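The values are calculated or read from the model by the stated rules, or taken from the named source; none is laboratory data. The model shown is predicted, which means the values in this text are computed figures rather than measured ones. Cβ: placed from backbone, ideal geometry, glycine included. Neighbour counts: every protein chain shown. Keep in mind that these areas ignore ligands, DNA and RNA; they rest on the heavy atoms of the full protein, side chains included. Shrake-Rupley method; radii C 1.70, N 1.55, O 1.52, S 1.80 Å.
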Amino acid sequence: MPSLWNADRAERSASAAEARAAGTVDVAVIGAGLTGLVTAVLLARAGKDVVVLEARHVGDGTTGNTTGKVSLLQGTKLSRIRAKHSPDTVRDYLTGNSEGQSWLLRYCESHGLSTQIEDAYTYAQSTTGLADADAELRAAREAGLPVSWAMEADVPFPFHGGVRLPEQAQLDPLPVLDSLLVELEEHGGRCLQGVRAESVSGSGPVRIKVRVRNDQPPEQITVDARHCVLATGIPILDRGGFFARVVPERSYCLAFEVPGGVTRPMLLSTDAPTRSVRYATSASGAEHLIVGGAGHTVGRGRDERSGLDELTEWTTRYYPGAQQTHLWSAQDYSPADELPYVGPILPGVDGILVATGFDKWGMTNAVAAGLALSGRVLGGHLPWAGAFASWSPHEFAGVGAALKANLEVGFHLARGWATPRVGRRVSADGAAAVSGPPWRLRAESCVDGAEHSVSAVCPHLGGVLNWNEVDHAWECPLHGSRFAPDGRLLEGPATSDLAGRA
């Protein structure tokens, strides 16, 4: 399901010879989203020899499926941070995001990339959402944002009041990634697409074992680096236990052509079901309305289709005549203590750095992470980076949330293995089922007339997979690894495909 941003993009995969030629570098960045490419460009500018390893293609991950909002008003984010942390920590988080936003907008301006400046709103759809909107207003004012309370907005749907922050930005993220890629290569860096990092050993220097997608038969290739940056959404290494410190969330976006004009400001509701709204202009010049929502923890959606249908019905009710043109989804990671994790994978291990936990606000957090990570490699320090630390005493504020999340993981692990499985043949298009004895569970599916049978057990920590009927993907309810119907790894902490099943 390509997004409005990455539809019709050409793909190019690196060859085994190109991967072998990477050899030994100063820095290997794993992941070619906004975090990875900003980090790589900043380091390449400083004269470092940098290679970026991307398992799929630039724009395939979260960055290419984002809503593209570049806003400092982030739903109820500031009030949720304030509920667990000091005012100084909230201000540091906001400062990092502000520097990330400023860097990105300057980059777009200097490289001729289009952005739109609009007001952002965190609003209540009904009276039940007013308390959360008011809490966000107070937290934002305390942190120094020039917010105001709005009793109304120029929207056709229910608006019971909310927080307004003027002059925020929105953009198409793919031209940004493409421009960063060009600049990286101009500074001597390389980006190898279709090259999956399967393991990282050592702690600086490190050795990265990679697999080239188009290499048949697969050849074991290694890349050596003084530093390795894991910019993969969630770290692909279990060291540091980040898979147990974040909750993987899946959410959906639909793009519509709307007769009579679209809503101009960016909006995000405080109350459920979530409504995220912005407009966008496609490559053809047509304006689209983008509506997001229907989110769920990965692998636990159970009925994704009904949530998506409800989102579509809401859009056509308030925008009569709206015609859907695109549907896509994205994966984000919510941190236990509400703050991102950016820094060493383990305390004192600067050879391997991570960035995760952006909680759906990657356009600013990703750039902030890139600034912090590149600064750390180069020996610098940013005064606000403590709010983004991967290891810090502020994490104690998230112990309760982490404990609850991991109890839920244990429940879903047990339920997956305890659920009785009845063998049955899957033939209806889009259908899927898990069957077989516990020692050989099969995940069978039929998509576009092609039938597949693969292992139903996630190779990360043994969770039994569930089928996402909207994305047509197998999802692990434990830590969010996702797989295509044929077993190809899509994303998550897992590093290998699903085994085939006869």
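Details
- Stretch gain in nm, segment Glu11-Glu109, where the contour uses 0.36 nm per residue and the Cα spacing is subtracted: 32.6 nm
- Sequence of Val247, Val50 from largest to smallest accessible area, 1.4 Å probe: Val247, Val50
- A 1.4 Å probe over all protein chains sorts Arg207, Arg80 by accessible area into Arg207, Arg80, starting with the largest.
- Theoretical ellipticity at 222 nm over the chain - DSSP helices of four or more residues, -39500 (n - 2.57) apiece, nearest 500: -8500 deg cm²/dmol
- Positive-pole candidate from Trp5, Trp149, Ile345, dipole of the chain, charges at beta carbon: Ile345
- Area of Leu237 that stays accessible when all protein chains are in place (1.4 Å probe, Å², to 10): 20 Å²
- Cα-based shape type of the range 1-95, given that a ≥ b ≥ c are square roots of the gyration tensor eigenvalues and the cut on a/c is 1.5: oblate
- A viscosity of 0.692 mPa s and a temperature of 37 °C, combined with the Kirkwood radius over C-alpha pairs in the Stokes-Einstein formula, give the chain a diffusion coefficient of 141 µm²/s.
- Heavy-atom accessible area with a 1.4 Å probe sorts Thr128, Thr270, largest first, into Thr128, Thr270.
- Global form of the range 310-402, assessed from the alpha-carbon gyration tensor, a/c cut-off 1.5: prolate
- Placing R0 at 51 angstrom, the Cβ-Cβ distance between Glu408 and Glu185 gives a FRET efficiency of 0.70 after rounding to 0.05.
- In this view, the solvent-accessible surface of Asp359, computed with a 1.4 Å probe and all protein chains in place, comes to about 20 Å².
- For Lys404, the lysines whose Cα falls under 23 Å of its own Cα, not counting residues fewer than eight places away in the same chain, are Lys77, Lys84, Lys360.
- Label sites at Val399 and Glu167, each approximated as a point 7 angstrom past Cα along Cα to Cβ, lie 4.4 nm apart.
- For the range 440-492, Kirkwood radius (reciprocal of mean inverse C-alpha pair distance, Å): 10.9 Å
- Within the chain, the cysteines lacking any other cysteine Cβ closer than 4.7 Å to their own Cβ are Cys108, Cys191, Cys228, Cys253, Cys446.
- Near Met1, once Lys and Arg are set to +1 and Asp and Glu to -1 for all other residues with Cβ below 15 Å from its Cβ, the sum equals -3.
- With the simple model of a label 7 Å out from the Cα in the direction of the Cβ, Asp303 to Trp391 spans 4.5 nm.
- Theoretical FRET efficiency, 1/(1+(r/R0)^6), r = Cβ-Cβ of Ser102 and Ala283, R0 25 Å, to 0.05: 0.40
- In the full protein context, the range 6-162 carries 39 Å² of accessible surface per residue, based on a 1.4 Å probe and ignoring ligands, DNA and RNA.
- Atom-type composition of the exposed protein surface of the range 306-440 places 62 percent of the accessible area on carbon and sulfur (1.4 angstrom probe).
- Shape of the range 66-145 from the C-alpha gyration tensor: oblate (a/c of 1.5 or more and a/b not above b/c, with a ≥ b ≥ c the square roots of its eigenvalues).
- A straight chain from Ala418 to Val447 at 0.36 nm per residue would run longer than the Cα-Cα distance by 7.7 nm.
- Annotation: amide H of Gln168 within the under-5 Å range of Glu118, Asp119, Ala120, sequence separation 5 or more or interchain, hydrogens built in the peptide plane.
- For the range 346-456, the average shadow cast by the Cα convex hull is 11.3 nm², which is a quarter of the hull's surface.
- Ligands, DNA and RNA left out, the 1.4 Å accessible surface of the range 113-182 is 50% carbon and sulfur atoms.
- Intensity falloff of the range 197-292 expressed as log10 I(q)/I(0), Debye formula with alpha-carbon point scatterers, at q = 0.16, 0.18, 0.21, 0.24 Å⁻¹: -0.82, -0.87, -1.02, -1.23
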